[in-house]
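What follows is a short report on a single structure.
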Amino acid sequence: MRVFILFLFLAPLFAQEEIGIQPTNISSVNSGWADFAPYITADGRFLYFASSRDGNEDFYRSERIGNQWQTPENIGSPVNSRYNEGSLCITPDGSMIIFSSCGRPDSYGGCDLYLSRMTKNGWSEPENLGASVNTFAWEGHPSVSADGKMLYFASNRLGGYGGFDIYCSRRLPDGLWSKAQNVGYPVNTARDELSPFIHTDGQTLYFSSAGHRGLGLLDIYRTVKGDDGRFSSPENLGPPVNTQSNDYFFSIPASGEYIYFSSARRGGFGDSDIYFMSLEEALKPRVVATVSGRVTDSRTKEPVSASIKIENLTDAVFVDSLQTNPATGGYYVVLPAGKLYGIT
């Protein structure tokens, strides 16, 4: 069997429709019900979000074609269930989804975090992330790093700094997750911290907090992890993203150009709506390089399972390896910009 690899090197991702400094309501995806927890894929092509439009909190997906978001579709079972699903994150290659769900039979507490993998037949049966991540308390608002190895989430478990804190867990070589650790000060405070979002650069963390003297109740902040692993002093994103009410649930594509978030501000369609707006230069994440492609059979054009290896050609250092998406043969890699790489 002969196979070939098609590489597509992405420059800064596509330009969106022209917008001003005020948030733009994405009217084609919002409803008269609560629409919240948006998650924009790294390439900016798909928007996932939670909605109560069908009487239960389920996940929906809309595809961006040209400048228009299409009518959202329920992503269906087994991720969606008769229980409430609240927020999700997806690895850039689309191979893994981590989400929160409340009240499932295998739950440790009220709400837990679950993982599902993309197969040739769709999403696999969700697996509870286990006792190293979940507790008898509440766990939710997951955000996974571009390589799928670091997970950030919020929890109100005992032993934290305040009511809700942000925690992190690392995926181990055997596929299990390490015991979750509180990310500590200056991110967490004696009040609530929620909705962590780690950008594809792996260093810029956005989160919501009621403990950093913001404009209202919960405000969105930005912090950067240094080489020593410590986070910088959080910066408030300011108005008009932040208001005098609660501002949380947000997502930023790999390009770093725009922020997608949910808000119950005046002028919306329902209880809460999804908006987007451009980010000021000072609040953007670091620049990254993205490489994507598909591995297919040269005759049948069917997807092929393959291992992708990445090497830094400047110093001949192995960088990472990954598997193609079994359903599509696709891969999507996020790398630090400004270096020379070899991809096999």
Practice prompt. Give me the number: length gained by fully extending residue 181 to residue 305, i.e. 0.36 nm times residue separation minus the C-alpha to C-alpha distance, one decimal in nm.
Written response: 41.2 nm
Practice prompt. Over all alpha-carbon pairs in the stretch 31-92, figure out the percentage whose distance exceeds 18 Å.
Written response: 31 percent
Discussion item. Only four residue types carry charge here, +1 at the Cβ of Lys and Arg and -1 at the Cβ of Asp and Glu. Report the dipole size of the chain about the Cα centre in Debye, rounded to the nearest 20.
Written reply: 480 debye
Worksheet item: Which one of 198, 264, 49 has its Cα pushed farthest toward the positive end of the charge dipole of the chain, where Lys and Arg give +1 and Asp and Glu give -1 at the Cβ?
Response: 198
Worksheet item: Where the centre of each part is set by its Cα atoms, how far does the stretch 85-135 sit from the stretch 192-270, in angstrom?
Response: 23 Å
Worksheet entry | Over the stretch 59-141: Rg over Rh, Cα atoms, Kirkwood Rh | 1.01
Discussion item. I need the shape label for the stretch 245-340. Rule: rounded when a/c is under 1.5, else prolate if a/b > b/c, else oblate, with a, b, c from the alpha carbon gyration tensor.
Written reply: oblate
Worksheet item: Any idea how far apart residue 312 and residue 127 come out in nm if each label point goes 7 Å out from Cα toward Cβ?
Response: 3.1 nm
Discussion item. Looking at the chain, identify the longest residue range that excludes and avoids all trypsin sites (Lys or Arg not before Pro) in DSSP loops having at most 11 other Cβ atoms within 10 Å.
Written reply: 3-81
Discussion item. Cα atoms only: what Rg and Dmax, in Å, come out for the stretch 132-223?
Written reply: 12.8, 44
Worksheet item: How much accessible surface does residue 166 have with a 1.4 Å probe, in Å² rounded to 10?
Response: 0 Å²
Worksheet item: Rg to Rh ratio, the chain, alpha-carbon atoms and Kirkwood radius?
Response: 0.95
Item to complete: Could you point to the residue in 293, 92, 109 farthest towards the positive end of the chain's charge dipole, with +1 and -1 charges on the Cβ of Lys/Arg and Asp/Glu respectively?
Response: 293
Item to complete: Treat each spin label as a single point 7 Å out from the Cα along the C-beta direction, and report the residue 298 to residue 328 distance in nm.
Response: 2.5 nm
Practice prompt. Run the 1.4 Å probe and let me know the accessible area of residue 168, rounded to the nearest 10 Å².
Written response: 30 Å²
Discussion item. Only four residue types carry charge here, +1 at the Cβ of Lys and Arg and -1 at the Cβ of Asp and Glu. Report the dipole size of the stretch 249-344 about the Cα centre in Debye, rounded to the nearest 20.
Written reply: 120 debye
Practice prompt. Figure the gain on full extension for residue 74 and residue 265 (residue separation times 0.36 nm, minus the Cα-Cα span) and round it to one decimal in nm.
Written response: 66.3 nm
Worksheet item: So which cysteines in the chain don't have a second cysteine's C-beta under 4.7 Å from them?
Response: 89, 168
Worksheet, complete the sentence: For residue 243 the rounded accessible area (nearest 10 Å², probe 1.4 Å, non-protein molecules ignored) is 40 Å²
Item to complete: Within the set of other residues whose C-beta is less than 10 Å from the C-beta of residue 270, count the net charge using Lys and Arg as +1 and Asp and Glu as -1.
Response: -2
Item to complete: Mind putting a number on the dipole of the stretch 70-185 about its Cα centre? Charges go on the C-beta only, +1 for Lys and Arg and -1 for Asp and Glu, and I need it in Debye to the nearest 20.
Response: 160 debye
Worksheet item: How many nm separate the modelled label positions at residue 83 and residue 65, each set 7 Å beyond the Cα in the direction of the Cβ?
Response: 3.5 nm
Discussion item. Let's test the formula: R0 of 22 Å, r as the Cβ-Cβ distance of residue 235 and residue 117. What FRET efficiency results, to the nearest 0.05?
Written reply: 0.05
Practice prompt. Net charge near residue 294: determine it from the other residues with C-beta under 14 Å of the C-beta of residue 294, scoring Lys and Arg +1 and Asp and Glu -1.
Written response: -3
Worksheet, complete the sentence: In the structure shown, of 149/225; 149/309; 120/149, the pairs separated by more than 20 angstrom at the C-alpha atoms are 120/149
Worksheet item: So what's the gap between the Cα centers of the stretch 38-69 and the stretch 295-313, to the nearest angstrom?
Response: 28 Å
Practice prompt. At a 1.4 Å probe radius, which order do 260, 83 fall into by accessible area, largest first?
Written response: 83, 260
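The values are calculated or read from the model by the stated rules, or taken from the named source; none is laboratory data. Predicted model, so just to flag it, every value in this text is computed and none were measured. Ideal geometry is used to build each Cβ from the backbone, glycine not excepted, and the neighbour counts take in all protein chains shown. Heavy atoms of the whole protein, side chains included, go into the accessibility calculation; ligands, DNA and RNA do not. Shrake-Rupley method; radii C 1.70, N 1.55, O 1.52, S 1.80 Å.
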